[in-house]
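Remarks on the structure that follows.
The values are calculated or read from the model by the stated rules, or taken from the named source; none is laboratory data. Just so we're clear, the structure is a prediction, and the values are computed from it rather than from any experiment. Counting neighbours? That spans all protein chains shown, and the Cβs are built from the backbone with ideal geometry, glycine included. Accessible surface areas use protein heavy atoms only, side chains included; no ligands, DNA or RNA. Shrake-Rupley method; radii C 1.70, N 1.55, O 1.52, S 1.80 Å.
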Amino acid sequence: MRRSFLILSALLLLGGSALAEPPKEAVKILKHLEFLGYNATMDSKHIIAKHSEHLNFYLKQYRGGMLLTSFFTSNAQGKKHRKDLIRIANDLNKDAAAARYYIDKDGDLAIEAYYPGGYERQRFGLFLDTYNLESENIANHKKELVKYLE
């Protein structure tokens, strides 16, 4: 029994760390992001990409592909009225092109998109173009969102 527990614990630790790593071919991705005007850096968990016109995001290796995540911090009103923020996230999901919206454990609005497979320059560029359509989706809900986000 104890041995089974130790093996299971080791597998969980290995699996967990595999999910919190920068994507494979991270150097190529960083160069691509910089070419597209992002200020891109990398730490031990993910790539961090910031842009003056597009959504900022984190990018990590995830389930045979990559997971791109953006966060919008909720203000006191958003934390107090979580149900209203969830309703807005659901409305955003109805019009999402290639992303999903949810309220995370801290009460912040998160946007995620999954890129399957390995990095390919053209396909990754198209993926980012589609993800950046979410800016329009967010703009269409700006009147409601400004009440709940910083």
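A few comments on the model shown:
- Checking each residue in region 17-69 for being outside any strand (DSSP E or B) and of a type in the set (Phe, Trp, Tyr) picks out Phe35, Tyr38.
- Positions within region 133-147 being under 15 Å from His54 (Cα atoms) and either under 17 Å from the mean Cα position of the chain (by Cα) or open to solvent by 90 Å² or more (accessible area, probe 1.4 Å) (or both), in sequence order: Leu133, Glu134, Ser135, Glu136, Asn137, Ile138
- The lone criterion from (1) over 15 Å from the mean Cα position of the chain (by Cα); (2) within 27 Å of Glu34 (Cβ to Cβ); (3) buried (at least 16 other Cβ atoms within 10 Å of the Cβ) left unmet by Thr69 is number (1).
- Tally, over region 19-33, of residues that are farther than 17 Å from Tyr131 by Cα and either touching a residue at least 40 places away in the same chain (Cβ under 8 Å) or open to solvent by 70 Å² or more (accessible area, probe 1.4 Å) (or both): 9
- Residues in region 102-132 that are within 14 Å of Arg82 (Cα to Cα) and either in contact (Cβ under 8 Å) with a residue 60 or more places away in the chain or open to solvent by less than 90 Å² (accessible area, probe 1.4 Å) (or both) were compared, and the one that is nearest to the chain's Cα centre (by Cα) is Ala110.
- Filtered residues of region 82-96 (kept if open to solvent by less than 60 Å² (accessible area, probe 1.4 Å) and more than 11 Å from Glu144 (Cβ to Cβ)): Asn93, Ala96
- So Glu150, is it surrounded by fewer than 17 Cβ atoms within 10 Å (Cβ to Cβ) and over 27 Å from Glu34 (Cβ atoms): yes
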